[in-house]
Each structure stands twice: as structure tokens, then as C-alpha cells.
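For reference, the structure is listed below as C-alpha cells.
The values are calculated or read from the model by the stated rules, or taken from the named source; none is laboratory data. This is a predicted model, so every value here is computed, not measured. Positions of Cβ are backbone-derived with ideal geometry, glycine not excepted, and every protein chain shown enters the neighbour counts. Accessible surface is based on the protein model in full, side chains and every heavy atom, while ligands, DNA and RNA are left aside. Shrake-Rupley method; radii C 1.70, N 1.55, O 1.52, S 1.80 Å.
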Amino acid sequence: MERQRLADSVKLIAYGYLLLHLNFNLGTLNVLPNWLGYILILRALPALGEYEPSALLLRPLGILLALWEGVLWTVDLAGSSLTGYLFTVIATVIELYFHFQLLTNLADIAESCNCPERKRILTLRTVRTVLITLFALPVPWDSYKILTVGMMVVFIVVAVWLCTVLFSFRRSLATVILE
Amino acid sequence: MTDIWAFLLQTLSASLVAALLMVVKWLLGDQLSPRWQYGVWSVLALRIVLPVWMTGKYTLLPLPLWLETVKGVVENSLDSVYSSAYAPIRIRFPVPWVGGMPKSATDWIFAIYAAGVLAALLWYMVSYGRLRLLLRHGSSVSEEQQMQIDTVCEQYSLRPCRAVTVAGLPSAFVCGVLRPVLAIPAAIEIDDKVLLHELLHLRYFDAAQSVVWSVFRAIHWCNPFLQCVFNRIGNDMEQLCDQRVLERLEGEQRREYGGILLSMVNERYPRASGTTSLSNGGKNIARRIASIARFKKYPKGMELVSVCIAVVLLCASLFGTYTSGIEVGSGNRNDDWGFARAMASARLARCTTIAGALDTYAKGIMYANGVYVAAASPLSKQEALAKEMVYNAKRDNGAYDYLQVGPESLNQTGYGIYNLKKLPDGGYEALLVFTADTLLTEDGKGCREDESGDLYTGVVAYPVKVSREDAWVVTENGGIQVYPISSGEYFDITQRGSSLLPFLGTYKAVGKSGTVTTQVQSIYTVDNTIENANQFAFWGSTSFDSTVKPDAEFASCTVNTESKYIFGGSAGERDALKSVGLQMVEMKNADSSPEFPDVQLYSNVSGSDNSGVSWSNRTILPDWDGTVSCGSGTGWSGNMESSPAELLTGYAARIFWNGEPKETLVLKEVVSSGTAAAG
């Protein structure tokens, strides 16, 4: 049963990342909001915490990120934009740590459950962290279009790959349960 | 820092960075290792050391704009020798420097602050000196103590230093940077772990770091928030040392180490620059013991995210990402703070490119906006411009930013930059060209009319010079030139140019068949087009972007040439002519032979291509005036910081009589700039 809960949690996290990386806008309304992605991840943390207690420490940060994304979503819906570079920096820092730790926890769980996805999760974690850091730097990326496009392509590939690996991880856990 | 405003900018910026780091540390709690918790303070150290505004962009908050605004208001009524209401705050070095006797209240405040820095540094030096004197009177350690020190050094691969015992010391400490001394309380047995702690301070040069933080404390002695932050930094340094100790200990030893700290809760501890001590106060020790209880070895993978977070914080704190641009504000003549903020933004948002300076200045002229003009003018003119705007606002009961440059009322539909030319001193000269729907009469009391009573429209040209000072600035370079145009005439000042306006250069050649003259005119543009989508149709409209662009680049350059051939043959040769043709090519190299592409010369047909070749053929009629004209327009786009319209080496002309080439002439520059060609 525990493993089943774990598998369900990993599925929630996979869908959470899907929402974080996909946007579908109807005018100013993003019907795949990021804040919903964080809520799904937050719901998954308790089950993760049974295997990796440090995952529970991510809860306050996850709540903050969900609130921040909620504010951004609301401002976008109103057709406005939020100025506040200071808050953006803080959000980026929290985001960096949150996702790094979450993916590290998932990798550790994969190792303890003898699932083959550990190495891929760690690699994706590293690439994702570096890319987010690069995008957060005060570089005029518009002036380096080819570089920016290249990085965006890599980011999209990583995002798709990550979701794929997480769903695969979930299947691996389900396979272990059946056995 | 040479005035109080520079200090305020530096210390408030450092406070902002410190607050950001405190918030991040609070949010992340103990998720990141003590190494990161202490190491991230290097971001603050760099912020303190590096002058604020060195990149010209705001970091985190627009503190430079806020302070510049306040300075503008405060210093306007003072007679400071250190600062000026109209000179922007500049920080060349992050330490105070008093340059003369103080005069105004702000000067005195700065002088007192600078004296405080000296006093603080002196106090640190005296404290350190007294401590070293005390240690000099200490006794050498006993053989057993020396053996204990050597054993600890060998066990943990640490570097030993000279050790002394001093009576009355509450705890052990290391003192000194270049010649460190380990001071041990006399007649008290010292645990190995205490020695390990102090020797680890020595290994990682914590005493030297302590000196650096002390200097920062002295520079920011009057900032209570930063003083608290520096205390926190000291505690983080001790926690890092605890982490290093615990990483080297095993099991029960760690618990014993915590016990040692607990025993020091009520003890005094030496506080002086260049010293480190195991004990740092009861409250801090309680926090350290809690950390010890949470001790863990942080996994290797955490280094990556630690570094990434530090990089993001570093870049955000030091390099900045934005400028708020030029803020015109309310315009309300009673809004003194609004005016001060607008002028402050003009002093800070300087023009970084030639195109940006010309765009900003041109829009200042076009909209009669003195703030825009100030942003593109030398800083030495700020005061005069501000006073003129204040005078205008009071006189006309109008907006505080009203400033008319020149007498004519200009159309607000755009402008052209004509004949941009690089000067030997590295600056540029150009003509800013505008259109006007009406032109004033000479007495300025009415509008000019033509013979039929229709109002003249016109073109108004402002000769300007662009030069590099603190940024690219524009100054007037001659009198305003007005060119009336009869109603019904029109030309696009951003595209085709006009022979009404001066030329960039003139080329001429005289041959047996006649004289050929070519005049060159260049037009640069900045992209100020706004696309206005029409929601009811597939097409939209465009409008002119009134926002100034201090960082603009040139979007395009058009070089127009007008060539004229004047017949110079005999009367008999003229009578024999049925047609006369002219073909012009550019010559980029004076030593090369001109290459004329084949061209079909049809009767009374003119043409040109993108490579600068133009041609024209005239059928000769009895009333022929003896001239044949042709012209071309060549466009450039891309990086045009160095003008591509620099005068070419020359032009070459091929003259055709009756369809056959008669003569080839190479034209050379004869006039570098001038008014329209005669004839």
C-alpha cells in the first residue's frame, strides 16, 4: 500500500511538472496554471516524506511558490504585469532550491526502490538547475538570439524528458508493487 | 565617496543586499550548509567594495533615483562644496574622502561621518594593539601544552603557530594575521577540541577575514542595520568553524564539543579586529549548540545548487537589470518632488548610443520637453535648463517640463537625422530635421504666407553636435535653419531628403565635354514606428513612438545623391546633339578604375539601382537648358555606429553623346558640407 501511495505521488509530481512547463493561454487566461502544478506537488510530499523525511521540509517553500505563481497568474489574468525585481530574485532562489531538492529526493527514492531512473533524474536535475540559473542572470538575452533559442530548445527538451522520466519512474514503481 | 549622498547610496544599497540575503537565509533555514550560510556573505562584501551604479543599472530597487531626487531637492537650497543639486551622485571608490572644508549642513554631516570612520578604525587598531601587548607579556606554553598542540596539528594536518599562555583569559583565541599567536588561558587545561577549533580558524585565515569585516564595520559605523548584520556574519563564521570541527570528530566527541561550548555560555570573550575566539556570547552559543545537534554531513550534490543560488544573488545584487528610464512625471508646476524626480531621472538615464542621444534630443525639441533635452545634454547644462523650465512654468502657469528650443512650433510626427558625419575629435555633427505646418514671420507675430495667401509649411533644421562626455550628449552647433515649402509640396523627411537641405558633401569634375557635380545627402533613422493592430480588419495603422530611447540604435541609413551634368562643348557640338546621357557610379577606392555596368539609355528615362549606380538620358530639344540630372538612393541597415555614409573617395561619371560614350570623369570631393547646389 505504501508503495502504491508512493507511485501515486510520483504520478502527481509528474503531472505537476507538466503543468509547470506547459502553458495554454486563452487570451489572458492560462488554463494550465503553474500554481496548480505546485499544489499537485505539495499533495505528493507527505508520501515522499515516508521514504525521504527531508522532502517534508520542502512544504513551506512549495506553499510560497504556489502563492507566488498564483499572484502572477492573477496579474496576468487582469492583463497587467508585475514589477518587482526583488521578489522575482527571491522566487528564483526558492525555485532553484525547491526543484533541486525535490528531484534529489526522487532520485534517492528511485535508488532505494531499485528503479533504473535514478541517474536520469539526477542528470535532468543538474541540467535544469543550470538552465534556470542562466536564464535568471541579468544578461540581455534578446541580443543573443541564437544562444537564447538554443537554450530554450534545451529547456523544452529537458522539460519533456523530465516528465517522461517521472512517468516512467511511476511505472517502475507500479511494476515493483505487482511483483 | 566624496559626499554624504554617495555614502547614503552605498550604505543603503549594501543594506538592501544584506536584507535580501537575510530573507533568503531565513527562507532556506538550515537547508544549505554552514559553508553556504557564511560564504554567501561574500555577495555583501562585493557590494560594499564595488561602487554602486557602476553598471548604470538599478539593482533590486531604484535607490539611485530616489536618492538623486532627494539630493536635488535638498542641495538646491544649500551651498555645498562636496556635491551639487545638478551633478549625479558618483562613487569612484567605496571609502570616504573629504575634499576641502565643509560648508553646508550636508557637508558637515559628511565630515562628521568621515571622522567617525577614522575614529572607528583607530579604535580597532588600538584594541588590537592592546591585545598584542598583552600577549607579548604572556608566557611560553609548557612542554606538555606544546606537545598537545603538535599532536592536534599532526592528527588533523593543521599548521601550528606560536602559542602563549596568559593569565586571566576566559577562553583560547587566535590573534594576528601575518604573525598569528594562539593564546591559551594559563593554569587551565585545554581540551583538544578547543585547540582544533582555533587551529581551524588559523587554517582558513578567519583572522584576516575578521579584519576585512572590521574595516567594513568602520566604513558603515552609522548604519545600525549593517552593524547587526556584521554581528550575524561573525556568528556564521563561528558556526562554519564548528561545522569544520564536527566533520573531523566522531560520535561521542561531537557531543563533548557541544558540552564545551555550553560551558562557555557565561564567559567573556575577546573582541578585537584580527582575532577569533571559540566563545562569542551566550545567545550565539545557544544557537551554535542547536546547530551542532542538527549536524549532518551535507551531500556532495548540494554544492551545485548552493553555487547557483549564490550566482543568482550575486548578479542581482551587483549588476542590475534595468533602468527606469526618463520619467517625466505629472508635469504639475506645483509638484516640486515630481520635477526633482524627473530631472534626477534625466541625470541618471543617460544616452548610451549616438542614435539614442539624437532620438532623445530630437523628441525633446519636438515635444518642447525640457526633461528630454536635459537627458541628452551635457551635465553642465542641467542647472540652466532646470532654471529655465521653472521660469517657464511660473510665467506661463504651465507644465514644469516645458522648454521650447527655437521659435517654431514643430509637427510631432517624426524627425530625420541628416548628414551624420564623424569629426576628428571623435564626435559627430548632424542636422535634426523636423516639419512645421506653419512658419513664423520675421517679427514672430504671425505666420508666413505665400503670394496667394496660403500659409507656408516648412522644414526646420537644427545643426547639432554629438560628443562623448559621461555619456553621448547633444549640443547646438549653429543657428536654426528654416526652409519654407509652398502648400501642396511634400516630402518625407525620413526617406527621400530634399535639395532644400544642406548636403553632406559635393564632388565635382571638369572635362572637355562639360562639368559633372554630385551632391550627397544621408538620412539616418531610429525605429519609432508603433504598429496599431486593427481588430476589425486585417490591416493596421502605424503611429510615431513618442517614448525617448536613450539606448537606441540606428535602424536604417539612406544615402541620396543628386548628380548634374552641365554641357561644356562648343555651339557646333551642341547643335549636333540629339541626346545626352549621364551615368554615375560610386568609387570606394581612389586608385582603382571606375567600372560602369552596361545600361540601356532610353529617351528621357532615368534610373538607379541599389549599388549606387544612376543614369539619365535626355532627348535634346531646342529649349534644352544644357543640363542632365540623375540621382540614386542607397540604403543600409545593421550596425551603423561608425557612419557608412562617410564620404566616399569619389564618384565617376560617363557622359554619352548621341548614345555613344563621350568622356569618363572621376569626381573628387570639393566641399565637405554646404547648402544646396546652385542652378
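Remarks
- With the helix formula -39500 (n - 2.57) applied to DSSP H stretches of n ≥ 4, chain A reaches a computed 222 nm mean residue ellipticity of -27000 deg cm²/dmol.
- A Cα-only calculation for segment B:109-181 places Rg and Dmax at 17.3, 57 Å.
- Think of a 1.4 Å ball rolled over the protein heavy atoms: the protein assembly as shown then has 47 Å² of accessible area per residue.
- Rg to Rh quotient for chain A, alpha carbon positions, Kirkwood Rh: 0.98
- Relative contact order (percent, whole number), segment A:43-179, Cα cutoff 8 Å, 6+ residue spacing: 21 percent
- Segment A:58-133: GluC sites (Glu not before Pro) falling in loop per DSSP and having at most 16 other Cβ within 10 Å: none
- Gained length - B:S570 relative to B:L61, 0.36 nm times residue gap less alpha-carbon distance: 175.4 nm
- In degrees, nearest ten, helix B:63-76 long axis to first principal axis of chain B (Cα): 80 degrees
- Rg/Rh ratio calculated on Cα atoms of segment A:22-88 (Kirkwood radius): 1.08
- Bridge type composition, chain B - antiparallel percent by DSSP, nearest 5: 95 percent
- The modelled label-to-label distance between B:R130 and B:A187, using points 7 Å beyond Cα along the C-beta direction, is 2.4 nm.
- Using the Cβ-Cβ distance between B:A208 and B:A555 with R0 set to 56 Å, the FRET efficiency works out to roughly 0.55.
- Computed extension gain for A:L131 through A:T164, at 0.36 nm per residue and net of the alpha carbon distance, reaches 10.0 nm.
- Compared with the dominant principal axis of the Cα atoms in chain B, helix B:252-263 is inclined by about 90°.
- Gaussian network model of chain A, springs between alpha carbon atoms under 10 Å - residue of A:P33, A:P60, A:P46 with greatest fluctuation: A:P60
- Computed from the C-beta positions of A:R43 and A:R171 and an R0 of 25 Å, the FRET efficiency is 0.80 to the nearest 0.05.
- Legend: calculated FRET efficiency, A:T148 to B:K465, from the Cβ-Cβ distance at R0 = 25 Å, rounded to 0.05, equals 0.10.
- Convex hull volume per residue for the protein assembly as shown, taking Cα atoms only, in Å³: 259 Å³
- Per-residue ellipticity at 222 nm computed for chain B from its helices equals -11500 deg cm²/dmol, with DSSP H segments shorter than 4 residues left out and the rest contributing -39,500 (n - 2.57).
- Size-normalised alpha-carbon gyration radius of segment B:128-241, reference 2.2 N^0.38 Å: 1.15
- Percentage, to the nearest whole number, of Cα pairs in segment B:371-498 over 27 Å apart: 29 percent
- Using a cut-off of 30 Å between Cα atoms, the listed pairs B:K465/B:K549; B:K421/B:K578; A:K11/A:K119; A:K145/B:K57; B:K103/B:K549; B:K363/B:K421 include B:K421/B:K578; B:K103/B:K549 as exceeding that distance.
- Checking every one of the chymotrypsin sites (Phe, Trp or Tyr not before Pro) in segment A:19-64 against DSSP loop status and a limit of 16 other Cβ atoms within 10 Å picks out A:F24.
- Annotation for the A:B interface, with buried accessible surface near 2000 Å², both sides summed [1.4 Å probe; non-protein components not counted].
- Between helix A:2-21 and chain A: long-axis angle, C-alpha atoms, 0 to 90°, nearest 10: 20 degrees
- Its relative contact order, with pairs defined as Cα atoms under 8 Å and 6+ residues apart, puts segment A:1-97 at 25 percent.
- Placing a label point 7 Å from the Cα of B:S543 along the Cα-to-Cβ direction, the residues of segment B:395-429 whose backbone N falls under 16 Å of that point are B:412-414.
- A simple charge model with +1 on the Cβ of Lys and Arg, -1 on the Cβ of Asp and Glu and nothing else charged puts the dipole of the protein assembly as shown at about 3160 debye relative to its Cα centre.
- Simple label model, 7 Å out from Cα along Cβ direction - B:I112 to B:E442, nm: 6.4 nm
- Modelled spin labels at B:N604 and A:R59, positioned 7 Å past Cα toward Cβ, are 9.3 nm from each other.
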